[in-house]
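Comments concern the structure below.
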Amino acid sequence: MSNIKPLLSIIISTHNNSKTIKRLIESFYKEIFSLIKKNEIEIVCIDDHSVDNSIKIVSEYSEISIHKLHEHGISNSRNLGINIAKGKYLWFVDADDELVGSAIDTQFINKLESYSADIFLLGAKKVNKGNTIECVNKINGIYSLNKKFDGFNKIFKDNILNCSWNKIYSTALIKKNNLKFQKIASGEDALFNCDYLDKVNTIYIINRIMYIYYINSTTSSKWSWDLKKTEASLEVAERVFSLKNNNLLINDEIASRIIIDSLIGIGINIFNKYENDLTLSVFKKEYSDSRLKHIKSCIKVNDLKKSYFLKGLIAKSPVLSYFYIKKAVLDK
């Protein structure tokens, strides 16, 4: 193996993903095999105490290094990936999604090598039971994020701010600023991105689809109830309010979008708590918590934000959107 460090580390986090992890690896492994052999890309798999066949499947691919996580949780998994990865850039991917292998080509590698941006923003496709939504920027190229740059809102109207899988991060910037994924039950990517973007000077936008995200993955823990998830979503929303006052890029529009996504997460958690026993009166009571009321009152609501909220809610849970719409009507 060459002593030259790879340009990109693809970090896969897995916990009992035997039903989907082969699909993920097969989506890109053959296409980038020559790049792996040239040591331009490395693949790192972090196993979070899987008890199924996930690691047996991964071990069939000789060029993937497997590392056992001693703690638990996606944040710990990503943080371990940061510590052990050798690449100049890091790409965090989930074991129940896919990459577009054909897009990880020489042209893509040349962009990583030539431009040395602090962050690369990728196009993605969200899939929900056969329905797809493409999140791809119209613009392409490198941009300087300074006081005069006024396009940040537009970038993240076309694309997704909260998640980590559509971004490629600079290892040096992460380590220089000692950035970590927070150990919370939900929203760790959103908090990390807020902290990371506060340190960013340049962003390179690649306006082609490179990631496929499955919203209703049956293996995803986001579809199970956990009181800590509501607490975490509230923490994310409250942290964003404090961040936006000291951050040139995280303004009212961006903060509101992150907070709206947190509110959607709370709604989904309520839905998962009661499942088939959820009634409109129960949902209305749960969704009217005092901290929730405070957070909602801080968002400058307009028709655009209402539309963003409902689109996100319908995409993730059509049944839950029904409860919210009925509640909204009754609140008038």
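The values are calculated or read from the model by the stated rules, or taken from the named source; none is laboratory data. In this text, all values refer to a predicted model and were calculated from it rather than measured experimentally. Positions of Cβ are backbone-derived with ideal geometry, glycine not excepted, and every protein chain shown enters the neighbour counts. Please note that ligands, DNA and RNA were not included when accessible areas were found on the heavy atoms of the full protein model with its side chains. Shrake-Rupley method; radii C 1.70, N 1.55, O 1.52, S 1.80 Å.
Of the residues making up the range 54-74, those that are part of a loop (DSSP other than H, G, I, E, B) and open to solvent by 40 Å² or more (accessible area, probe 1.4 Å) are Ser59, Glu60, Ser62, Glu63, His70, Glu71, His72. Evaluated against (1) open to solvent by less than 50 Å² (accessible area, probe 1.4 Å); (2) touching a Lys or Arg at 6+ places or on another chain (Cβ under 9 Å), Ile41 falls short on exactly one condition, (2).
A search for C-beta distances below 7 Å between a residue of the range 171-182 that is closer than 19 Å to Glu113 by Cβ and any residue that is outside any helix (DSSP H, G or I) and open to solvent by 20 Å² or more (accessible area, probe 1.4 Å), counting only pairs 6+ apart in sequence or on different chains, returns Thr171/Lys88; Leu173/Asp118; Leu173/Lys199. Val51 meets the stated requirement of being aliphatic (A, V, I, L, M), surrounded by fewer than 18 Cβ atoms within 10 Å (Cβ to Cβ) and either farther than 29 Å from Gly187 by Cα or touching a residue at least 24 places away in the same chain (Cβ under 8 Å) (or both). Taken over the range 1-35, the criterion of being open to solvent by 10 Å² or more (accessible area, probe 1.4 Å) and free of Cβ contacts under 8 Å to residues at least 60 places away in the same chain is satisfied by Met1, Ser2, Asn3, Ile4, Ser18, Lys22, Glu26, Phe33, Ser34. Can you tell me how many residues in the range 75-93 are part of a helix (DSSP H, G or I) and either open to solvent by 60 Å² or more (accessible area, probe 1.4 Å) or among the hydroxyl-bearing types (Ser, Thr, Tyr) (or both)? Total satisfying the criteria: 3. Count of the range 192-228 residues, restricted to those that are within 30 Å of Tyr274 (Cβ to Cβ), at pLDDT below 85 and either open to solvent by 30 Å² or more (accessible area, probe 1.4 Å) or of a type in the set (A, V, I, L, M) (or both), is 12.
Lys111 falls short of the stated requirement of being under 21 Å from Ile264 (Cβ atoms) and touching a residue at least 40 places away in the same chain (Cβ under 8 Å).
Can you pull out every residue in the range 94-107 that is open to solvent by 10 Å² or more (accessible area, probe 1.4 Å) and not acidic (Asp, Glu)?
The answer is Val100, Ser102, Thr106, Gln107.
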